[in-house]
Amino acid sequence: MTQTQTIRKCLFPVAGYGTRFLPATKSMPKEMLPVVNKPLIQYAVEEAMEAGINKMGFITGRGKRAIADYFDNNYELEHEIAGSSKEQNLSDINAVMDNGQFIFMRQREMLGLGHAILTGEPIIGDEPFAVILADDLCVAPLNQHKQKTDTLRAMSQLIDLYNQYQCCIVAIEEVPKEDTASYGIICGDEIAPGIYDVDDMVEKPKPADAPTNMAIIGRYVLTPQIFDYLRETKPGTNGEIQITDALKQVAKEERVIAVKFAGERFDCGSVEGFVQATNYFFEHEFKKSVN
Ligand code: UTP
């Protein structure tokens, strides 16, 4: 067996147009929308850091400069609030900035999530890596008393499985059958509770054509071979190069594992999911921090 390679890098594809959240996303990146008082991208980076990752690669596009500015100093603002209690409001993002490295690349044409990941190859090189879609906001599971448990968020769970299986890992969730056309859908054998050896995948199938209701959500651990598969992948659904199509080929020729991760996911690319996430964080994080 080859030696386990640690996952050191995470890609954040953030070049999409965010059309479901217009007009808010007309002139601001969807990933900068705040859930309570923290932008989506910070939750995503913190989840990667919790999983032991410190090199963060962002695949950005035109109109996304606010994301790069967010992970940089703002001397004028810092000077303005220096010595006041407001300084504390920057402590979390400062800790993130101190503990990570942030690399930005532009996707010149929005040719799909698969294409965005392929654009990140120079950042990743020849090692396994994580991918987080910041608009899928994942939280750790709570116990029956709605208290935090020791279980970490989705990315840590995926990396544990990568260490065990040494292959591509995707996070899945059961969705209502009528929603399958919004997701990549998998089918496969359940080899352990909630863990599937994937044998097929289909991107955004109509409910009648969906083999199951197990939907891929925005968390992946990928081996570097994925770049070769992506280079061979033709545009699929919506004319985009889909990561699901590349992974389907990996599942056929190598192996893909899907896991029903523990915890909850909010689809913050939709208004409904965004409001649910806001309520969740207001109840479970914000109110507790100010009390
Ligand atoms: P989505 O399908 O959610 O698209 O992309 P979107 O543009 O962000 O949002 P809607 O559907 O128009 O509202 C999934 C992820 O892939 C990234 C997006 O930024 C998002 O994180 N993406 C998509 C890219 O980085 N580049 C692309 O060409 C397409």
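Could you calculate the contour length gain from SER85 to LYS260, that is, 0.36 nm times the residue separation minus the distance between their Cα atoms, to one decimal place in nm?
Roughly 58.8 nm would be gained on extension.
Would you mind calculating the relative contact order of the chain from Cα pairs under 8 angstrom and at least 6 residues apart, reporting the percent as a whole number?
22
Can you bin segment 1-153 into rounded, prolate or oblate? Criterion: square roots of the alpha carbon gyration tensor eigenvalues sorted a ≥ b ≥ c, rounded for a/c under 1.5, prolate for a/b above b/c, oblate for the rest.
rounded
Can you grab the distance from the C-alpha centre of segment 53-94 to the C-alpha centre of segment 231-288, Å, no decimals?
For segment 53-94 versus segment 231-288, the Cα centre distance is 26 Å.
Using modelled amide H (1.01 Å from N, peptide plane; none on Pro or chain starts), what sits under 5 Å from the amide H of ILE217, excluding residues fewer than 5 places away?
Result for ILE217 returns ALA171, ILE172, GLU173.
Which whole-number percent is the relative contact order of segment 173-291 (Cα, under 8 Å, 6+ apart)? Present the calculation step by step, with values, prior to reporting the outcome.
On the way: 159 pairs, mean separation 29.5, N = 119.
Relative CO of segment 173-291 lands at 25 percent.
Among 147-155, 112-120, 125-133, what's the highest-first ranking by average C-beta atoms within 10 angstrom per residue? Walk me through the numbers on the way to the answer.
Working: 147-155: 16.3, 112-120: 23.9, 125-133: 20.8.
With the highest mean Cβ count within 10 Å placed first, the list reads 112-120, 125-133, 147-155.
Quick one: compute the contact order of segment 1-125, relative version, from alpha carbon pairs under 8 angstrom and 6+ residues apart, as a percent.
33
What base-10 log of the normalised intensity I(q)/I(0) is obtained for segment 166-250 from the Debye formula, alpha carbons as equal point scatterers, at q = 0.13, 0.20 Å⁻¹?
-0.39, -0.93
Taken together, the values in this text are just the output of simple stated rules run on the coordinates, not laboratory data. Just so it is clear, the structure is predicted and the values come from calculations on it, not from any experiment. So basically every Cβ, Gly included, is an ideal-geometry build from the backbone, and we count neighbours across all protein chains shown.
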